[in-house]
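The values are calculated or read from the model by the stated rules, or taken from the named source; none is laboratory data. Computed from a predicted structure; not experimentally measured. We place every Cβ from the backbone using ideal geometry, glycine too, and count neighbours over all the protein chains shown. Heavy atoms of the whole protein, side chains included, go into the accessibility calculation; ligands, DNA and RNA do not. Shrake-Rupley method; radii C 1.70, N 1.55, O 1.52, S 1.80 Å.
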Amino acid sequence: MNYISVFIIVYITIFQNVKAEDNIKLTRSDENSDENMENTEGMIRLSPPTLDEEEQNSPHMPRALRCDGCRAVAYQLSSEFNRRQKNLVKKKKLSESDVIEIVEKVCSNGFENYGLKGVDGVNRLSGPGLETEKSPGMMQGGGRWPIRLQNICNAYVGELEEEGIYEGFLEDKTLEDYLCRREGLFGYCKDTPPPKKVEL
């Protein structure tokens, strides 16, 4: 088989895949709508997640989502520490006042871009730093989700204080193992294998 034949086969394969992708349409699933059901071939239906009683009404992060919640808090804190750490010229550590400012800023308003998304039939927290952020699906954001994440963040501050969280960051630059994979309040992900890391 010569190079021209191989090129033609590869070109046809790629062209057919691109053409197939062009025919896929994203639609919002509407349970009450039976119109045009016969024309749904090649369509991906996205529907908002279905919330259970705890997900809908609890003031606390639902147990099944605590690992995702802890990882979101760890990501936001470590991202902000990393950003500020890069601006240090001669000092190796942030000042105590900088650390307090960072933690207060993150815990008070660092979670507006998080919400619930149905991923592979399971409700997961989605947002920056979580692998579910790029998963297809409709996210239900706002409402109780940012407050629940703030509560997790504030619980860590209550246990460790701002300086303790920063010391954890100096040990574990992602804060994920330090905040989420130990014991008790810090063990929300202890029995959950670490997901693929998301770069800061």
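Taking the options G115, G142, name whichever one is open to solvent by 20 Å² or more (accessible area, probe 1.4 Å) and small (G, A, S). Of G115, G142, the one residue that is open to solvent by 20 Å² or more (accessible area, probe 1.4 Å) and small (G, A, S) is G142. If you go through the stretch 81-131 and keep only what is in contact with a Leu (Cβ under 8 Å, 6 or more places away or on another chain), part of a helix (DSSP H, G or I), touching a residue at least 40 places away in the same chain (Cβ under 8 Å) and not aliphatic (A, V, I, L, M), you end up with F81, N82.
Within the span defined as the stretch 89-100, one or more residues are open to solvent by 90 Å² or more (accessible area, probe 1.4 Å), under 13 Å from Y166 (Cβ atoms) and at pLDDT 95 or above. In the stretch 25-61, of all residues being surrounded by 14 or more Cβ atoms within 10 Å (Cβ to Cβ) and touching a Gly at 6+ places or on another chain (Cβ under 9 Å), the one that is modelled with the lowest pLDDT corresponds to L46. Screening E176 with (1) under 16 Å from the mean Cα position of the chain (by Cα); (2) exposed (fewer than 15 other Cβ atoms within 10 Å of the Cβ); (3) within 29 Å of D98 (Cα to Cα) gives one miss only, at (2).
Checking A155 against (1) in a helix (DSSP H, G or I); (2) in contact with a Leu (Cβ under 7 Å, 6 or more places away or on another chain); (3) loosely packed, with under 14 Cβ neighbours inside 10 Å; (4) not basic (K, R), which test does it fail? Looking at each condition in turn, A155 falls short on (3).
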